[in-house]
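Please read the structure below before turning to the comments.
The values are calculated or read from the model by the stated rules, or taken from the named source; none is laboratory data. The structure presented is a predicted model; accordingly, all values stated were derived computationally and were not measured. FYI the Cβ positions are ideal-geometry reconstructions off the backbone, even for glycines, and counts take in every protein chain you see.
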Amino acid sequence: MLEDLAVWEVAVVVEVEAIKVRLALLDQHLVQRVCCGNLEAMDFLANHWQPYVHEVDDICDGERPNPRDQLKTFARALLVYTHPFFVKNMAGLRQLALNITTTYADAVEWEKSKDDWQREWANHNRHCGMEMVVAVAAICGGHEHAFAISQEQRAICYHEHLDQKGNPC
């Protein structure tokens, strides 16, 4: 009986790892498609922007309470905003990064509001970091490409962060 359980546990671990690999490959293909194969843009989004916005979210949610981890996020910010892709496209990305920061700050503040409309607004706008993905798509592939990517990105954000009733999960 215990042997059967151990085999089942190994099978579950293998399946979970296989799912993680498939998701990583999907993410890799998505980033490649968003960036039209531009390696510098891909590096910026996948290795700098995405981890940075998730770490900031973790700090705001109290999931990164260790000061050393918080300082690593601050150091990552320096790498994000001095990344060669960001620097080359600073005219278009700087204000967007500031707008994303402001929108996210509003969302964090309003997610616990007494007003239903503010909580609903916060619920949908806490994923504003994805606007950088759309901007990178526009830089790499033009407006039509960004237009094609934007709705897909919004759907991904919605389904990854909200349940079927639209509540945070």
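Structure notes:
Every residue, every condition in (1) under 20 Å from A148 (Cβ atoms); (2) in contact with a helix residue (DSSP H, G or I) (Cβ under 6 Å, 6 or more places away or on another chain); (3) part of a helix (DSSP H, G or I); (4) of a type in the set (V, I, T), yes or no:
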| residue | (1), (2), (3), (4) |
| --- | --- |
| V31 | yes, yes, yes, yes |
| N47 | no, no, yes, no |
| V53 | no, no, yes, yes |
| R64 | no, yes, no, no |
| F74 | no, no, yes, no |
| A77 | no, no, yes, no |
| V87 | no, no, yes, yes |
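- Residues satisfying the stated conditions in the stretch 98-136, i.e. part of a loop (DSSP other than H, G, I, E, B), hydroxyl-bearing (S, T, Y) and within 27 Å of A146 (Cα to Cα): none
- Only listed residue being at pLDDT below 90 and under 22 Å from H161 (Cβ atoms), chosen from R22, R33, R64: R22
Conditions tested, residue by residue: (1) of a type in the set (S, T, N, Q); (2) in contact (Cβ under 8 Å) with a residue 60 or more places away in the chain; (3) touching a Lys or Arg at 6+ places or on another chain (Cβ under 8 Å).
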| site | (1), (2), (3) |
| --- | --- |
| E120 | no, no, no |
| G129 | no, yes, no |
| A137 | no, yes, no |
| H143 | no, no, no |
| F147 | no, no, no |
| Q151 | yes, no, no |
| C157 | no, no, no |
| E160 | no, no, no |
| K165 | no, no, no |
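- Residue ID - surrounded by the fewest Cβ atoms within 10 Å (Cβ to Cβ), chosen from residues in the stretch 90-109 that are in contact with an Asp or Glu (Cβ under 9 Å, 6 or more places away or on another chain) and closer than 16 Å to P168 by Cα: V108
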